[in-house]
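> Dropping a structure here in structure tokens format, bear with me for questions.
The values are calculated or read from the model by the stated rules, or taken from the named source; none is laboratory data. What you see is a predicted model, and the numbers here were worked out from it, not measured in a lab. Note that each Cβ is placed from the backbone with ideal geometry, even for glycine, and that neighbours are counted across all protein chains shown. SASA here: full protein model, heavy atoms, side chains in, ligands and nucleic acids out. Shrake-Rupley method; radii C 1.70, N 1.55, O 1.52, S 1.80 Å.
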Amino acid sequence: MIPQTFEYTAPQTLEEALGLIAGGDRKILAGGMSLIPLMKLRLATPGEVVDLGRVSGLNGISENGGVVSIGAMTTHHAIETSRVTRAHCPLLAETAGHIGDVQVRNVGTLGGAVAHADPAADYPAALLALEAQIKLISAQATRSVAASDFFLDAFTTALEPGEIVLEVEVPAEDQSEGYSYEKVPHPASGFAVVGIAARIKKDGNRIAMARIGVTGMGAHAFRALAAEKVLENGGSVADAAATVGDGETPNSDLYASADYRLHLARVHAARALATAISRAS
Amino acid sequence: MKRKISLTINGKSYTDEVEPRLLLIHYLREVAGLTGPHIGCETSICGACTVMLDGRTVKSCTMFAVQADGRQILTIEGLAADGKLDPVQEAFWNEHGLQCGFCTPGMILSSKQLLEDNPNPTDQEIRHGLEGNLCRCTGYQHIVNAVRAAAKAGA
């Protein structure tokens, strides 16, 4: 499997990279864990590829004033193992550990994954539950888009031509919060058949806050808002989980029919919520 | 247009002109002549092409050679030092952690990574750490035994 020929540029600075992609017709290479397989299958045949791998300043994790900033080129491995993410956004660290396998996590990047917006990707569920902001930059401007406004459709995001993901900003999770990412991986590909990211804040025995992100179910990840409400209004985990996927049209494929997917989503939502509740203090 | 790349493989410098579309595995096997990394599935699933790039395992079938420009690569050929097998290789030998041997170069490098990240893994952690490598002989039990033995030997 050999990709079609292409012109390759590896800019060293962000300015140079943004200048190169300003026209919007060059393909951007981050970790390449999705793009390169597509190019090998010739499902993607870009004429020009801009590799962000050598651009300085796009890689790193820091926490400042209750916000964790993660550079676009930060690898899944770094997010999974960083002391900062494990302390301040453990849901994202746990989610990163479920992506692909070790070799993929060593190379694949957060920015690449969110820009690619695979309907079965793991991060979108967590980023929705964490109410993260995706910071975008072009040669002209920077802007910030809420995760809930970023994932628009399968492989379709709010990114405009000429824009790249600069970083992802995650409001730090409260130390007393519980969290969990529950995933049913496809046995061959490892992608999420369904994935549920849950956050729970307790106030005594009451659930003061519930955030639930769901991936793998539809064209793009979504928040299970009805289920969050059920919990925040004192309803049970079972009642909350039973509303997950209401009003959505679940994906259907050879591995999982729409009905089965919906069933999996509800079973695993209940598990994710139970774990998150047990971890909350 | 071809591009000039310079990289270090197993401690030796290489400089070549390559097409940007040349995959790292093809560069290693066909240009550098290192046939230890194998081409299995070619779809970043099986891990037979695993090599270390700057000390972390990668699937060299899912990386362009140009991306490795200026970086350090370790293939299975570079693991033994001065004719002495690496402790992980030694453990695979002793525990018969292979059947046909096709997946072995990738398995050994992934095991090395696993033990660097977690020197005392449980069997569960060993299996999880090797999830990116497939053995189509299904000889996993001896591979897990080998990694456990390597950990015990302080590899």
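> Please give the number of the condition A:VAL184 fails out of (1) closer than 19 Å to A:ALA147 by Cα; (2) part of a strand (DSSP E or B).
Checking A:VAL184 against (1) closer than 19 Å to A:ALA147 by Cα; (2) part of a strand (DSSP E or B), the one that fails is (1).
> Is there any pair with a first residue in the stretch A:136-148 that is farther than 9 Å from A:GLU163 by Cβ and in the same structural domain as A:ALA126 (by TED's automatic domain parsing) and a second that is in a loop (DSSP other than H, G, I, E, B) and among the basic types (Lys, Arg) whose Cβ atoms are under 7 Å apart and which are 6 or more apart or on different chains, and what are they?
Close Cβ pairs (under 7 Å, with a partner that is in a loop (DSSP other than H, G, I, E, B) and among the basic types (Lys, Arg)) do not exist here.
> So B:ILE45 ticks every box in (1) aliphatic (A, V, I, L, M); (2) in contact with a helix residue (DSSP H, G or I) (Cβ under 7 Å, 6 or more places away or on another chain); (3) surrounded by 19 or more Cβ atoms within 10 Å (Cβ to Cβ); (4) part of a loop (DSSP other than H, G, I, E, B) but one. Which box is left unticked?
Of everything listed in (1) aliphatic (A, V, I, L, M); (2) in contact with a helix residue (DSSP H, G or I) (Cβ under 7 Å, 6 or more places away or on another chain); (3) surrounded by 19 or more Cβ atoms within 10 Å (Cβ to Cβ); (4) part of a loop (DSSP other than H, G, I, E, B), B:ILE45 misses just condition (2).
> Right, another one. For the stretch A:94-108, which positions are within 11 Å of the chain's Cα centre (by Cα) and open to solvent by 10 Å² or more (accessible area, probe 1.4 Å)?
Once the filter is applied, which keeps residues that are within 11 Å of the chain's Cα centre (by Cα) and open to solvent by 10 Å² or more (accessible area, probe 1.4 Å), the stretch A:94-108 yields only A:ILE99.
> Okay, next question. Say we look at the stretch A:10-21 and pick out the residues that are crowded, with 18+ Cβ neighbours inside 10 Å and under 18 Å from B:ALA68 (Cα atoms); which of these is nearest to the other protein chains (Cβ to nearest Cβ)?
Ranking the qualifying residues of the stretch A:10-21, first place goes to A:ALA10.
> Please state which of the following conditions B:ARG29 fails to meet, knowing it meets all the rest: (1) in a loop (DSSP other than H, G, I, E, B); (2) basic (Lys, Arg); (3) touching a His at 6+ places or on another chain (Cβ under 9 Å).
The one condition B:ARG29 does not meet is (1).
> When the stretch A:22-57 is examined, which residues are found to be at positive phi and either surrounded by fewer than 19 Cβ atoms within 10 Å (Cβ to Cβ) or among the basic types (Lys, Arg) (or both)?
Selection gives A:GLY24, A:ARG42, A:GLY57.
> Further question on the same structure: Kindly check whether there is at least one residue in the stretch A:78-96 that is over 27 Å from B:ILE45 (Cα atoms) and among the basic types (Lys, Arg).
Scanning the stretch A:78-96 turns up at least one residue that is over 27 Å from B:ILE45 (Cα atoms) and among the basic types (Lys, Arg).
> Which is of a type outside the set (Asp, Glu) and under 19 Å from A:GLY31 (Cα atoms), of B:GLN67, B:GLN89?
B:GLN67
> Output the strands (runs of 3 or more DSSP E) that fall wholly within the stretch B:49-124 and possess 1 or more residues being facing chain A (nearest Cβ under 10 Å) and in contact (Cβ under 8 Å) with a residue 12 or more places away in the chain, or say none.
Ranges flagged: B:50-53, B:56-59.
> Take A:VAL170 and tell me if it is farther than 19 Å from A:PRO119 by Cβ, open to solvent by less than 20 Å² (accessible area, probe 1.4 Å), in contact (Cβ under 8 Å) with a residue 24 or more places away in the chain and of a type in the set (A, V, I, L, M).
Yes.
> Could you check how many residues of the stretch B:22-48 are more than 9 Å from chain A (Cβ to nearest Cβ), under 12 Å from the mean Cα position of the chain (by Cα) and of a type outside the set (A, V, I, L, M, F, W, C)?
4
> Now for a separate question. Filter the stretch A:123-145 down to the residues that are in a loop (DSSP other than H, G, I, E, B), of a type outside the set (Gly, Ala, Ser) and either farther than 16 Å from A:ILE196 by Cα or open to solvent by less than 10 Å² (accessible area, probe 1.4 Å) (or both) and list them by number.
Answer for the stretch A:123-145, where residues must be in a loop (DSSP other than H, G, I, E, B), of a type outside the set (Gly, Ala, Ser) and either farther than 16 Å from A:ILE196 by Cα or open to solvent by less than 10 Å² (accessible area, probe 1.4 Å) (or both): A:LEU130, A:GLN140.
> Taking into account only those residues within the stretch A:209-233 that are basic (Lys, Arg) and closer than 11 Å to A:LEU128 by Cα, which is least open to solvent (accessible area, probe 1.4 Å)? Before the answer, list the steps.
Applying the first criterion (basic (Lys, Arg)) to the stretch A:209-233 yields A:211, A:223, A:229.
Adding the requirement that they be closer than 11 Å to A:LEU128 by Cα leaves A:211, A:223.
Values: A:ARG211: 42, A:ARG223: 61 Å².
The extreme case among them is A:ARG211.
> Something else: Tell me whether the stretch A:148-163 contains one or more residues that are within 14 Å of another protein chain (Cβ to nearest Cβ), open to solvent by 50 Å² or more (accessible area, probe 1.4 Å) and more than 18 Å from the chain's Cα centre (by Cα). Break it down stepwise before answering.
If we filter the stretch A:148-163 for residues that are within 14 Å of another protein chain (Cβ to nearest Cβ), which is where we start, we get none.
Checked against the condition, which is being within 14 Å of another protein chain (Cβ to nearest Cβ), open to solvent by 50 Å² or more (accessible area, probe 1.4 Å) and more than 18 Å from the chain's Cα centre (by Cα), the stretch A:148-163 yields no hits at all.
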